[in-house]
Amino acid sequence: MNLSLAEKLILLVINEATGKLDVPDRLALNVALGGAVLLDLSLRNRIDTDRNRLWVVDNTPTGNSALDTILAMIDKEDVDLSIQNWVYIAYKEATDVRNRILAGLVRKKIVRPEVKKFLWFFNFQRFRPQNAEIERETKRRIMDVLFDNKVPLAEDVALVALCDAANLFPALLSNRQLESSAPRIQQVARMELITQSVCAVIGEVYTAMSRASFY
Amino acid sequence: MTETTNLSGKRLNIDADINDGIVVAQVDGRVDTTTSVEFEAGIQALFAPEHRQVVLDFRGVDYVSSAGLRAVLLLARAAEEANCKMKIAGMNSDVRSIFEVTGFQKVVPVFDDVATALNAGS
């Protein structure tokens, strides 16, 4: 099944046992989700980027509502903004993007929604993966990039870079794997201009938050 | 034997000189979303078993976008699978800087000019 990067990213953080989104760094994941949507649009030839700007080359909807919402926003903008601007704007839409992605995964029967009750009146939604093969295949491709010296495919580069930006590798790899693959992760992560901006935005938001708490 | 192939497009032109298993492909124009498919197809056609080395002469390339970089990545993988050495020579400073920022020069060897690329061996 051909899933978007944003869908794969969400699947990687769903805890199979609890059905919860197991997120080590929620802010980083939200910024990475925004970046994932931009990367998906880029891989589908809807947008293109260089070091200074991001622009629409084809405004035909992709059929994926999470991607099409952001595509429409970019298309509506009169001037070409930088990648960093768009990562930040997409990050602001992260809750909506996440909900749309989860709804899409439910529709595709990749996860099953469950409602859990807490103290009789609080409802929590959980998502049980229904197809472990998809998650296994996603992880296998990540491992291939990290531990095989072959030139990686663009989509795999993007996935590795997003996992790095969202700080997911400590949960995906053993300590030994993490240590041995660190140089490769660094090499692959910088190959995508969009994920470079994702990391910059994460840094900026954290800096702004620490300044705000200081004052 | 020298043979010249012209794979012309509207915004991209590729001329290939093939000599004794070594291909020098002169690329002119922009490599972006509008030309990346044509660029990929044109260069990939040169990865034949009898071509052990393909040097992309980028002197005429004035711009490479993210889509262009992805095309280069795909070609690097295709060259690897075809057991063919792909190199890039003669990039202008803007194109070179995008290769440096993204670390692409570690995926595809980059040289100042075609002669240096050819002398670097296969």
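The values are calculated or read from the model by the stated rules, or taken from the named source; none is laboratory data. Worth saying up front: this structure is predicted, and the values here are computed from it rather than measured. When we count neighbours, we look across all protein chains shown, and the Cβ atoms used for this are built from the backbone with ideal geometry, even at glycine. The protein model used for the area step is the full one, side chains on, heavy atoms only, and it has no ligands, DNA or RNA in it. Shrake-Rupley method; radii C 1.70, N 1.55, O 1.52, S 1.80 Å.
Some observations on this one:
- Any pair with Cβ under 6 angstrom, 6 or more apart, that starts in region B:88-106 at a residue that is more than 10 Å from every other protein chain (Cβ to nearest Cβ) and ends at one that is surrounded by 14 or more Cβ atoms within 10 Å (Cβ to Cβ) and of a type in the set (A, V, I, L, M): B:ILE88/B:LEU56; B:ILE88/B:VAL108; B:ILE88/B:VAL110; B:ALA89/B:VAL55; B:ALA89/B:VAL114; B:ALA89/B:ALA117; B:VAL95/B:VAL61; B:VAL95/B:VAL64
- The set of residues in region B:85-120 being within 17 Å of B:ASP17 (Cα to Cα) and of a type outside the set (A, V, I, L, M) consists of B:LYS85, B:LYS87, B:GLY90, B:ASP113, B:THR116, B:ASN119.
- Residues in region A:21-60 that are open to solvent by 50 Å² or more (accessible area, probe 1.4 Å) and in contact (Cβ under 8 Å) with a residue 40 or more places away in the chain were compared, and the one that is nearest to A:ASP78 (Cα to Cα) is A:ARG51.
- Filtering A:THR18, A:THR95 for residues that are open to solvent by 40 Å² or more (accessible area, probe 1.4 Å) and outside any helix (DSSP H, G or I) leaves a single hit, A:THR18.
- Residue count, region A:136-158 (criterion: touching a residue at least 40 places away in the same chain (Cβ under 8 Å) and either outside any helix (DSSP H, G or I) or within 14 Å of chain B (Cβ to nearest Cβ) (or both)): 4
- Any hit, region B:54-66, residues being within 11 Å of another protein chain (Cβ to nearest Cβ) and in contact with a Ser or Thr (Cβ under 8 Å, 6 or more places away or on another chain): yes
- Residue check, A:PRO170 in contact (Cβ under 8 Å) with a residue 60 or more places away in the chain and assigned to a helix (DSSP H, G or I): yes
- Test: A:ARG100 is of a type in the set (Lys, Arg) and surrounded by 14 or more Cβ atoms within 10 Å (Cβ to Cβ): yes
- Of residues in region A:55-71 being touching a helix residue (DSSP H, G or I) at 6+ places or on another chain (Cβ under 8 Å) and among the small types (Gly, Ala, Ser), the one nearest to A:TYR88 (Cα to Cα): A:ALA66
- Any hit, region A:156-177, residues being more than 24 Å from A:MET1 (Cα to Cα), of a type in the set (Ser, Thr, Tyr) and either open to solvent by 80 Å² or more (accessible area, probe 1.4 Å) or at pLDDT 90 or above (or both): yes
- As for region A:180-201, it holds no residue that is in contact with a Leu (Cβ under 9 Å, 6 or more places away or on another chain), modelled with pLDDT under 95 and surrounded by fewer than 18 Cβ atoms within 10 Å (Cβ to Cβ).
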